[in-house]
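Student: Submitted below is the structure of interest, expressed as C-alpha cells.
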Amino acid sequence: MKTNRRQFLFTTSLIGFGWILNKAGFLFGHQSSLHYSEETISNSVMDSNFGDQFPYSLPKLPYAYDALEPFIDKQTMEIHHTKHHQAYVNNLNKALENQSFKNAPLVELFKKVSTLDKAIRNNGGGHYNHTLFWQMLKSNKENKENLPSQKLIEVLNKHFGSFENFKKEFSEKALKLFGSGWCWLVKDNKNTLKIVTTPNQDNPLMDVVDEKDRGFPLLGIDVWEHAYYLKYQNRRAEYIENFWKIINWEFVENRLS
Ligand SMILES: [Fe+2]
C-alpha cells in the first residue's frame with residue numbers, strides 16, 4: 001500500500017512537473033532533463049506558497065518602514081526594500097524577459113538553477129529570499145519577550161535539544177558565515193530541521209546547494225551588510241542578537257505545518 005502510494009506520488013510529481021515545464025516551453029537540451037531519478041525528486045523541495053510570477057514585482061512590506069525600530073532602523077528598511085529588493089526584481093525580469101521559460105514558477109527554476117544564467121540565480125534568489133524575510137519579521141517596539149509557541153518550542157527541542165541550543169547554533173552560524181549570505185532554519189525531505197547557510201543570494205531550494213543542506217526554508221536571516229550596516233556597522237553579532245526580538249514566530253510555525 002505504502003509502495004503504491006509512493007509510486008503514485010512519484011508519478012504524479014513527474015506528470016505535474018513535466019506539464020509545467022512543457023507549458024512553459026521549459027526544455028533544457030533534450031527530453032532526458034525530465035527523467036529525474038526518484039531520489040532526485042524526493043530530495044527536491046519546493047515552496048508552493050511563493051505566488052509571484054513573471055513579470056515579478058516588489059511586494060509591499062507587511063508593516064511600516066519604522067515598524068522594526070529600534071532593532072532595525074527605518075532608513076535601512078527603506079533602502080533595503082526600495083533599492084536592494086527592487087533591484088533584484090528588476091534584474092530578474094530583465095534576465096528572464098527573452099527566455100522561453102520565463103513563466104515557469106521561480107521555485108521550479110531553483111531546481112535547475114545551476115544550468116541557467118547566473119543572473120537568474122542571483123536575482124531570483126534575491127527576490128525570493130527578501131520576500132520571505134519581510135514576512136519573517138514583526139514589530140516589537142515595547143521589546144517584549146519574543147518566544148515561539150509552546151508547540152514550536154517542543155519541535156525545536158526535539159531537533160536541537162533545547163530552544164537555547166537552537167538559538168545558539170543559528171546565531172553562531174549566521175555570525176561565522178564569511179562574506180554575504182543567509183542563515184536558514186530548514187525542514188528537509190525527511191522532516192528533519194537543520195540550520196544551514198548559503199552564500200550570496202542562494203537559498204536551500206536551489207540545486208547549487210549541497211544536497212545535505214537543501215530543504216524548505218522556515219526562518220532566515222539576511223547577513224548581507226546592507227541589512228544592518230547603517231545601524232550596526234561591523235557589529236553583526238549585535239544585529240543577530242536583536243533579530244531574535246523581531247522574529248514573526250507565527251509565520252515560521254505556519255510554514256512548518
Ligand atoms: Fe538583503
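Read-outs: derived from the displayed coordinates by stated rules, not from any lab. Values in this document were obtained by computation on a predicted structure and should not be read as measured data. When we count neighbours, we look across all protein chains shown, and the Cβ atoms used for this are built from the backbone with ideal geometry, even at glycine.
Student: Any chance the stretch 240-255 includes a residue that's under 23 Å from Glu78 (Cβ atoms), in contact (Cβ under 8 Å) with a residue 12 or more places away in the chain, away from the ligand (no atom under 16 Å from the Cβ) and of a type in the set (Lys, Arg)?
Tutor: For the stretch 240-255, residues under 23 Å from Glu78 (Cβ atoms), in contact (Cβ under 8 Å) with a residue 12 or more places away in the chain, away from the ligand (no atom under 16 Å from the Cβ) and of a type in the set (Lys, Arg): present.
Student: On to the next question. Looking only at residues that are more than 29 Å from Ala64 (Cβ to Cβ) and surrounded by fewer than 19 Cβ atoms within 10 Å (Cβ to Cβ) in the stretch 80-101, which one is nearest to the ligand (Cβ to nearest atom)?
Tutor: Lys94
Student: Can you tell me which residue within the stretch 166-193, out of those that are part of a loop (DSSP other than H, G, I, E, B) and in contact with a Ser or Thr (Cβ under 7 Å, 6 or more places away or on another chain), is surrounded by the most Cβ atoms within 10 Å (Cβ to Cβ)?
Tutor: Leu177
Student: Do the conditions hold for Asp202, that is, is it within 16 Å of the ligand (Cβ to nearest atom), within 26 Å of Asn49 (Cα to Cα) and part of a loop (DSSP other than H, G, I, E, B)?
Tutor: Answer is yes for this residue.
Student: Same structure again: Across the stretch 210-257, what is the total count of residues that are out of contact with any Gly (no Cβ under 9 Å at 6 or more places or on another chain), among the aliphatic types (A, V, I, L, M) and not in a helix (DSSP H, G or I)?
Tutor: Result for the stretch 210-257: 4.
Student: For Thr131, work out the one condition from (1) of a type in the set (Val, Ile, Thr); (2) within 16 Å of the ligand (Cβ to nearest atom); (3) in contact (Cβ under 8 Å) with a residue 40 or more places away in the chain; (4) farther than 20 Å from Glu250 by Cβ it doesn't fulfil.
Tutor: Condition not satisfied by Thr131: (4).
Student: Could you give every pair whose Cβ atoms fall below 6 Å, whose first residue belongs to the stretch 54-70 and is touching a residue at least 12 places away in the same chain (Cβ under 8 Å), and whose second residue is surrounded by 17 or more Cβ atoms within 10 Å (Cβ to Cβ) and part of a loop (DSSP other than H, G, I, E, B), counting only separations of at least 6 or pairs across chains?
Tutor: Phe54/Lys102
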